[in-house]
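Enquirer: Below: one structure in C-alpha cells.
The values are calculated or read from the model by the stated rules, or taken from the named source; none is laboratory data. These numbers were taken from a predicted model, which means no experiment stands behind them. Because the Cβ atoms are built from the backbone with ideal geometry, glycine has one as well, and the counts that use them run over all protein chains shown. Note: accessible area is taken over every heavy atom of the protein model, side chains too, but ligands, DNA and RNA are not part of it. Shrake-Rupley method; radii C 1.70, N 1.55, O 1.52, S 1.80 Å.
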Amino acid sequence: MNTTVLEAVHITKYFHDPLDIQVLKDINFYLNRSEFVSVIGKSGCGKSTLLYILSTMDTDYEGDLLIDGVSMRQKKEAELARVRNEKIGFVFQFHYLLNEFTVLRNVMLPGLKLGLHSEAEIEHRAYEKLKILGIEQEALKRPNQLSGGQKQRVAIARALINDPLIIMGDEPTGNLDKKNSEIVFEIFKELAEVYHQTLLIVTHDNEFAARTQRIIEMEDGKIIRQ
Amino acid sequence: MIKFKLIAGISLSLLLARWKQTLVAAIGVTFSITMFIALLSFMGGLNSLLDGLIVNRTAHVRLYNEILPSRQQPVEQSDDFKNKYAFIHSIKPRNERLEIRNSGAVIAAIRKDPRVVGIAPKVTTQVFYNVGSIELMGVVNGIDPEAENRLFAFSEYVTTGNFMDLKNVPNSIILGKAAAEKMLANVGDVIQVTTSNGERMSLKVVGYYQSGLQEVDKVQSYASIATTQKLLGETNSYITDIQVKLKDILQAPAMAKEYGQLFDVEAMDIQTANAQFETGSFIRTLISYAVGITLLIVAGFGIYNILNMMIYEKMDSIAILKATGFSGKDVNHIFIAIALSIGVFGGFLGLVFGFGLSAAIDQIPFNTPALPTIKTYPVDYNPNFYIIATVFSILTTYFAGYFPSRKASRIDPVIIIRGK
Ligand SMILES: Nc1ncnc2c1ncn2[C@@H]1O[C@H](COP(=O)(O)OP(=O)(O)O)[C@@H](O)[C@H]1O
Ligand SMILES: [Mg+2]
C-alpha cells in the first residue's frame, strides 16, 4: 500500500516585499500513505512557507500541489477550505485554541464544520481522540486552564477529528519543554505505527527528526536531501 | 441546519465573551428604536388629531355658487367673430344669486350616489349683529343640525347649550363664543340681526359655539336652515351650499370636478381647500423619520465599533477557524450573525420600550379648549411604525456588520500564524 497522498510539483515561491526574493526553489517530493516524514533545515530556509503552501492556506506560488491525486491549483477559496477541513489536520507551534469554548468543543469544531456525523457522534469521536492523547478528563475545561503540553495535545486531537489524510505540523514541539516534547513525539509515533496516520512534521530538533521514518532536509529554499 | 447551528453557536460564544460591550451596542439600538417608535407614535397621533379636525369636520366636497364674471362672454358666442380675438375691458361679474339652482334635485341626485356617506345642505349669509347702536359683522350659517352633527361632529363645537335646540326652539341661534362675549349675550337672551338687504329679525341665543380659532368665533354663528331662509326672505328651496361627505376622501378631487360639471356649480374638494394642512403633516412626519433614522445610524456605528474591536481581538481565532476548514463565507456569516443578533435583540427591546413610552405619553394630561374631547396627549399605535422600526434596525445592523465582517472574512490565516 504505497499510494501517494501528497505531491509537490516544481513548487516555487517569491516574496515581493521588501525585495523580490525567491524563498522556495523548485520543490519536488512525494508523501506516501502512512509515512512519518520530518522536514528539517536552518531557520529561515523556507520550511514554514512550504508547509503553508502544502496545507492549501497559501495559494500564491508557482508549480502544482496534488492532494489525494487532485490538483489544488484551480480550486476556489471555499473548496480549499473544504480540503483543509476534510483531509488536513494542522498542528502549529502555538496551539491556537479558542478560549470561548471548552476543550471538547474546540476538538469538535472542525467535525461540526464537516458535518458528516451527528453532533452526538462527533462528540463521541472527540472523546475518543482526547482519550488517545490521554487528556479526556480535561474535556470540559477551558483551554486557558490547561498547561502548554496539554494544550498542544488538544490541538493534535482537533487535527485528528476528521480522520485526515495527512497531519501537518509546524514545529509542534517548538514551544514545549523536553518532557512534553517527548510526550508529543510519542503520540505522533503511536499515530503513525498504530493508526497508520500519514504525518509531515517540520522541526528544527534533529533528535526528533532522526526518529522519524524519512527526513527531508532543506537549505536556502531547496530540498538538498530526502 | 447543523451548519446554521454551528455558525450561530460560534457567534453566540464570541458575543458572550464580550458581553459588556455587546450590551452597550444593543442598548444603543434599543434606545434609538424606543425613541423612533415613541416619536412617530406621538407625531402620528398629533397628525391624525389635526387631520381629524379637518377631515371629520369639513365637507369632503362643497358645492356652492360664487359671484364671478361669465366664463363665456357674449361676443365669443357670436358666429360673426369666430376665429377672431376679442379684447374686452372692465368685465363685471354677472348678476347672479348665490343660490344653488334646483337644489332639491341636486341633493336627491347626490344622495343616490353610492360613493357618498351623506350630505348636509347649508344657507350662509352675511349679517350684522345689532348691539345697541353698534353693528358687528357676522355670518349666519343655516344648517340642518342633525345632518351637521352626524357628518361633521357639530355638537363637539357647541360648548354651551344643546345643538338640537336650533331645531326645537323657533328663531334660535348659536353664537360664536367670542361674538357672544362682545355682545354680552347670555344663553336665553334675544339678539337682533340685520341682513344685507336690511331685513331685521330677533333671534334667541340657545348656545355658544367654539372652534378654538378666535377669528372664526368672532364672526360665525349657527341657526337652522328654515330660520336663515326666513331671515333672508327666501323660499324653503333656497340653499347656498351643499356639503358632501365621501366614503373615500381620496376621491374628493375627482368627484368635485365631476359634480361641478354635472350640476354647473362651483365645487371645492377638501384637499385643495386644506393643502397647507397636508404639508404640515408631511413635514412633521418627515422630521420624525429623520430624527429616528439618525438615531439608528448612530447606533449602527456602535455596532460597527464593537465588531471591529472583536475582529481585532479574535484574529487568532479567525485564523485557526480558517486553517481548520472554515471558509471566508463562514467567517463572514459568524460576524454578520453577531451584528444581527445585537440588532434583533436591541431592536426587540426597543419595540417593547417604544410601546411602553408611547403608552406613557398617552397618559399625560392634555387639555385644550379647542379640543374638548381630548384629555391626554394623542398617540397613534400604528403597527406600521413597528414594522418600519424592525426593518430599519435589521438593515442598519446588517450594514454596520457588513464591512467588519467582510474584513474578517478576508483575513489571511498565514499572515496571522506566521506572525506568532
Ligand atoms: N511575508 C513575508 N515577506 C517577505 N519575506 C518573508 C515573509 N515571510 C517569510 N519571509 C522570508 O522567507 C524566508 C523563509 O521563511 P520561513 O518559511 O518562515 O522559514 P523557516 O520556517 O524555515 O524558518 C525567510 O527568509 C523569511 O524572512
Ligand atoms: Mg518556521
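Enquirer: Can you find, within the stretch A:46-65, the residue that is least open to solvent (accessible area, probe 1.4 Å) among those that are among the hydroxyl-bearing types (Ser, Thr, Tyr) and away from ligand 2 (no atom under 16 Å from the Cβ)?
Expert: That would be A:Thr56.
Enquirer: (1) modelled with pLDDT of 85 or more; (2) within 19 Å of the chain's Cα centre (by Cα); (3) surrounded by 22 or more Cβ atoms within 10 Å (Cβ to Cβ): which one isn't true of B:Ser288, the others all being true?
Expert: Condition not satisfied by B:Ser288: (1).
Enquirer: So the check is Cβ under 8 Å with 6+ separation or different chains; which pairs have a first residue in the stretch B:397-420 that's closer than 22 Å to A:Val91 by Cα and within 16 Å of ligand 2 (Cβ to nearest atom) and a second one that's among the hydroxyl-bearing types (Ser, Thr, Tyr) and assigned to a loop (DSSP other than H, G, I, E, B)?
Expert: B:Ile417/A:Tyr96
Enquirer: Does A:Glu128 satisfy the condition of being within 12 Å of another protein chain (Cβ to nearest Cβ), at negative phi and part of a helix (DSSP H, G or I)?
Expert: no
Enquirer: Any idea which of B:Leu23, B:Leu63, B:Leu14, B:Leu6 is open to solvent by 30 Å² or more (accessible area, probe 1.4 Å), aliphatic (A, V, I, L, M) and not in a loop (DSSP other than H, G, I, E, B)?
Expert: None of the others qualify; the one that does is B:Leu23.
Enquirer: Can you pull out every residue in the stretch A:66-102 that is of a type in the set (Phe, Trp, Tyr) and either surrounded by fewer than 16 Cβ atoms within 10 Å (Cβ to Cβ) or more than 25 Å from A:Phe185 (Cα to Cα) (or both)?
Expert: Within the stretch A:66-102, just A:Phe101 meets the criteria.
Enquirer: Here's another thing I want to ask about it. How many residues does the stretch A:68-118 contain that are within 10 Å of chain B (Cβ to nearest Cβ), closer than 23 Å to A:Leu146 by Cβ, in a helix (DSSP H, G or I) and aliphatic (A, V, I, L, M)?
Expert: The number of residues fulfilling the criteria is 3.
Enquirer: Looking at (1) within 19 Å of the chain's Cα centre (by Cα); (2) open to solvent by less than 70 Å² (accessible area, probe 1.4 Å); (3) within 16 Å of ligand 1 (Cβ to nearest atom), which is the only condition A:Ser43 fails?
Expert: In the conditions (1) within 19 Å of the chain's Cα centre (by Cα); (2) open to solvent by less than 70 Å² (accessible area, probe 1.4 Å); (3) within 16 Å of ligand 1 (Cβ to nearest atom), A:Ser43 misses (2) alone.
Enquirer: If a residue counts only when it is free of Cβ contacts under 8 Å to residues at least 40 places away in the same chain and open to solvent by less than 60 Å² (accessible area, probe 1.4 Å), which strands (runs of 3 or more DSSP E) contained entirely in the stretch B:188-241 have at least 2 such residues?
Expert: The strands (runs of 3 or more DSSP E) meeting that bar are B:200-209.
Enquirer: Here's a follow-up. Scan the stretch B:242-265 residue by residue and report those that are within 19 Å of B:Arg57 (Cα to Cα), assigned to a helix (DSSP H, G or I) and touching a strand residue (DSSP E or B) at 6+ places or on another chain (Cβ under 6 Å).
Expert: Selection gives B:Ala252, B:Pro253, B:Met255, B:Ala256.
Enquirer: Further, regarding this structure: Among the numbered conditions (1) assigned by TED's automatic domain parsing to the domain that holds B:Ala337; (2) open to solvent by 30 Å² or more (accessible area, probe 1.4 Å), tell me where B:Lys82 comes up short.
Expert: (1)
Enquirer: Can you find a residue in the stretch A:139-155 that is within 16 Å of ligand 1 (Cβ to nearest atom) and in contact (Cβ under 8 Å) with a residue 60 or more places away in the chain?
Expert: No, that holds for no residue.
Enquirer: On to the next question. With respect to A:Arg105, is the statement that it is without any contact (Cβ under 8 Å) to a residue 24 or more places away in the chain, open to solvent by less than 70 Å² (accessible area, probe 1.4 Å) and of a type in the set (Lys, Arg) true?
Expert: Considered against the rule, which asks whether it is without any contact (Cβ under 8 Å) to a residue 24 or more places away in the chain, open to solvent by less than 70 Å² (accessible area, probe 1.4 Å) and of a type in the set (Lys, Arg), A:Arg105 comes out as yes.
Enquirer: Still on this structure: Which ones in the stretch A:1-40 are within 16 Å of ligand 2 (Cβ to nearest atom) and either over 17 Å from A:Pro172 (Cα atoms) or open to solvent by 60 Å² or more (accessible area, probe 1.4 Å) (or both)?
Expert: Within the stretch A:1-40, A:Lys13, A:Phe15, A:Ile21, A:Val23, A:Leu24, A:Ile27 meet the criteria.
Enquirer: Give the residue, chosen from B:Leu39, B:Leu23, B:Leu15, B:Leu63, that is modelled with pLDDT of 85 or more and within 14 Å of another protein chain (Cβ to nearest Cβ).
Expert: Within the list B:Leu39, B:Leu23, B:Leu15, B:Leu63, the selection yields B:Leu15.
Enquirer: On the basis of being open to solvent by less than 20 Å² (accessible area, probe 1.4 Å) and either polar (S, T, N, Q) or touching a His at 6+ places or on another chain (Cβ under 9 Å) (or both), does B:Thr368 make the cut?
Expert: No, not satisfied.
Enquirer: Got a sec? Which strands (runs of 3 or more DSSP E) wholly within the stretch A:132-226 have at least 3 residues that are within 16 Å of ligand 2 (Cβ to nearest atom) and either open to solvent by 20 Å² or more (accessible area, probe 1.4 Å) or away from chain B (no Cβ under 14 Å) (or both)?
Expert: A:214-219
Enquirer: Also: Give me the pairs: first residue in the stretch B:307-332 and more than 9 Å from every other protein chain (Cβ to nearest Cβ) and closer than 18 Å to B:Val414 by Cβ, second residue assigned to a helix (DSSP H, G or I) and among the polar types (S, T, N, Q), beta-carbon distance under 9 Å, and six or more apart or on different chains, which are they?
Expert: As it stands, the answer is B:Ile311/B:Ser405; B:Ile318/B:Ser409; B:Val331/B:Ser405; B:Val331/B:Ser409, since those pairs meet every condition given.
Enquirer: I'm trying to understand the selection: among the residues of the stretch B:388-420, which are away from chain A (no Cβ under 14 Å), open to solvent by 50 Å² or more (accessible area, probe 1.4 Å) and not hydroxyl-bearing (Ser, Thr, Tyr)?
Expert: Matches in the stretch B:388-420: B:Val391, B:Phe392, B:Ile394, B:Leu395, B:Phe399, B:Phe403, B:Lys407.
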